[in-house]
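Colleague: Structure incoming, see below.
The values are calculated or read from the model by the stated rules, or taken from the named source; none is laboratory data. Model, not experiment: these values are computed from the prediction. Positions of Cβ are backbone-derived with ideal geometry, glycine not excepted, and every protein chain shown enters the neighbour counts.
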Amino acid sequence: MGNHKKSVVMKKSKKTKRLTAERDPPANEPCLKRQKAEGEAEEEEERAEDQELTPEARRKLERKLKKERQKEQKKLMREAGIVSKKEEVKRPSGSELALEYLTSWSENPETWKFQKTRQTWLLLHMYDKDKVPDGHFSILLRYLEGLQGCARSVTVQKAEALMKEYDATGAEDPGLLETRRRIRDVLQLLS
């Protein structure tokens with residue numbers, strides 16, 4: 001049995017050597033640039049199937065072939081003078097996402113899902129009238145009624161600290177008056 005295994009290994013290594021010799025020209029022959037057509041790519045895939053590659057080796061080979069096809073396609077497009085531009089996808093900002101989250105909470109409670117990052121953004125910016133407009137602030141107050149645990153206690157502590165800070169300055173700036181009103185509303189709700 002030991003001799004049988006050895007002969008199988010030798011056969012495989014000879015086959016592998018033969019395949020590599022077919023693909024790679026000897027070092028003393030001049031290397032010519034060759035373009036891979038899809039037919040050649042299919043031949044390589046067939047050769048890979050003949051070699052009975054492992055799934056991982058097959059994936060690697062497929063990725064390599066795909067990459068080569070893409071390079072060739074880009075080269076042909078450059079030669080033709082076609083410039084491909086990547087379209088930039090406009091992603092919504094943090095404020096847009098947070099306000100959508102809040103609206104979803106109020107309008108579609110059965111499909112709404114809790115998202116800590118959105119809640120954190122809302123808690124950080126809830127006193128800023130520019131970031132959380134009045135229409136959304138009233139929804140936010142209803143949302144804050146259900147606030148629990150550490151988030152609730154930290155929100156109360158921050159609101160009290162901000163109220164003390166604004167009371168100490170005593171400025172009558174209209175923007176500060178709106179912020180004070182919001183802080184007062186939050187404190188009345190959560191205390």
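Colleague: Identify all residues within the stretch 160-191 that are over 41 Å from the mean Cα position of the chain (by Cα), of a type in the set (Gly, Ala, Ser) and assigned to a helix (DSSP H, G or I); write none if there are none.
Modeller: Once the filter is applied, which keeps residues that are over 41 Å from the mean Cα position of the chain (by Cα), of a type in the set (Gly, Ala, Ser) and assigned to a helix (DSSP H, G or I), the stretch 160-191 yields only Ala168.
Colleague: Within the stretch 102-121, which residues are under 19 Å from Ala151 (Cα atoms) and either among the β-branched types (Val, Ile, Thr) or more than 22 Å from the chain's Cα centre (by Cα) (or both)?
Modeller: Leu102, Trp105, Thr117, Thr120
Colleague: Could you check Leu99 against (1) touching a Ser or Thr at 6+ places or on another chain (Cβ under 9 Å); (2) in a helix (DSSP H, G or I) and say which number it fails?
Modeller: For Leu99, the failing item is (1).
Colleague: Another question, then. Please go through the stretch 101-126 and give me each residue that is surrounded by 18 or more Cβ atoms within 10 Å (Cβ to Cβ) and without any contact (Cβ under 8 Å) to a residue 24 or more places away in the chain, ordered by number.
Modeller: Tyr101, Arg118
Colleague: Okay, next question. How about the stretch 74-105: which of its residues are of a type outside the set (Ser, Thr, Tyr) and modelled with pLDDT of 90 or more? Talk me through it step by step, then tell me what you get.
Modeller: Looking only at the stretch 74-105, we keep the residues that are of a type outside the set (Ser, Thr, Tyr), and these are 74-83, 85-92, 94, 96-100, 102, 105.
Matches in the stretch 74-105: Glu96, Leu97, Ala98, Leu99, Glu100, Leu102, Trp105.
Colleague: Across the stretch 134-148, which residue is nearest to Glu107 (Cα to Cα) among those that are of a type outside the set (S, T, N, Q) and free of Cβ contacts under 8 Å to residues at least 24 places away in the same chain?
Modeller: Step one: of the stretch 134-148, the residues of a type outside the set (S, T, N, Q) are 134-137, 139-147.
Keeping just the survivors that are free of Cβ contacts under 8 Å to residues at least 24 places away in the same chain gives 134-135, 146.
Values: Asp134: 17, Gly135: 14, Gly146: 16 Å.
Residue satisfying both the conditions and the ranking: Gly135.
Colleague: Then there's this: Restricting to the stretch 127-152, and then to whatever is of a type in the set (A, V, I, L, M) and not in a helix (DSSP H, G or I), can you tell me which residue is surrounded by the most Cβ atoms within 10 Å (Cβ to Cβ)? Lay out the reasoning, then the answer.
Modeller: Let us first name the residues in the stretch 127-152 that are of a type in the set (A, V, I, L, M), namely 132, 139-141, 144, 147, 151.
If we keep only those that are not in a helix (DSSP H, G or I) as well, we get 132, 147.
Details: Val132: 21, Leu147: 18.
Filtering first and then ranking leaves Val132.
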